[in-house]
Amino acid sequence: EALNITGGTLVAGGELTVGSFSQTNGVLSGSADVTVTDSFSWTNGSQTGSGTTILGAEATGTMTSGQSRLEGGRGFTNNGELTQSGSGYFYVVGGSNSTLTNGNGATWNLTMSNGQTFAFTDSSSTLNFVNAGTLAKINASGIVYYGTSSGTVNFSSSGTITVSGGTF
């Protein structure tokens with residue numbers, strides 16, 4: 001099954017598992033988890049509510065441009081392989097306390113160019129990043145950073161962090 005969100009709001013009231021997921025705009029909302037088993041693409045739009053969006057262990061995903069907003073405490077967990085490139089970043093807003101998790105055995109590739117933000121918070125929000133897998137900055141140059149507009153960013157890692165060029 002495929003889930004494509006291009007506008008409007010989808011409220012996930014019960015656990016949902018899909019093969020492919022694409023969000024180019026619109027809102028994914030709800031208290032339920034949404035698990036992606038194959039392919040994932042998020043280029044814009046919001047995900048809200050207390051649920052978590054989960055990339056399964058066999059899934060691959062991309063964030064290539066735009067602002068991917070987490071609101072209302074919604075979490076995001078990568079258990080597969082996620083690549084962030086271009087200007088794609090997570091933006092935690094609206095007083096949210098959201099957690100980004102890179103699970104054990106997962107790979108999170110940061111291939112953004114110079115000065116790009118990996119994740120950003122507004123002044124009323126908290127972003128927690130937990131790395132238990134491999135977090136890899138793999139482009140040859142440039143700086144990739146966390147950003148904050150007076151919000152809180154917590155980073156913890158029991159996994160591997162690799163920087164093959166530039167600065168993280």
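Some points to look at:
- Count of residues meeting criterion [assigned to a strand (DSSP E or B), of a type in the set (A, V, I, L, M) and modelled with pLDDT of 80 or more] in segment 131-152: 2
- Qualifying position, being of a type in the set (Asp, Glu), closer than 22 Å to Gln67 by Cα and free of Cβ contacts under 8 Å to residues at least 40 places away in the same chain, among Asp38, Asp33: Asp33
- Counting the residues of segment 84-106 that are assigned to a strand (DSSP E or B) and either of a type in the set (A, V, I, L, M) or closer than 15 Å to Phe168 by Cβ (or both) gives 6.
- Those residues of segment 49-65 which are assigned to a strand (DSSP E or B) and open to solvent by 30 Å² or more (accessible area, probe 1.4 Å), in sequence order: Thr52, Ile54, Thr60, Thr62
- Inter-residue pairs, beta-carbon under 7 Å, first more than 14 Å from Ala132 (Cα to Cα) and in segment 151-164, second of a type in the set (Val, Ile, Thr) and open to solvent by 60 Å² or more (accessible area, probe 1.4 Å), 6+ apart: Ser164/Ile138
- Index of the failed condition, Asn25 passing every other in (1) within 17 Å of Tyr91 (Cβ to Cβ); (2) surrounded by 17 or more Cβ atoms within 10 Å (Cβ to Cβ): (2)
The values are calculated or read from the model by the stated rules, or taken from the named source; none is laboratory data. These numbers come from a predicted model, not from an experiment. As a convention, Cβ positions derive from the backbone with ideal geometry for all residues, glycine included, and neighbour counts pool all protein chains shown. SASA here: full protein model, heavy atoms, side chains in, ligands and nucleic acids out. Shrake-Rupley method; radii C 1.70, N 1.55, O 1.52, S 1.80 Å.
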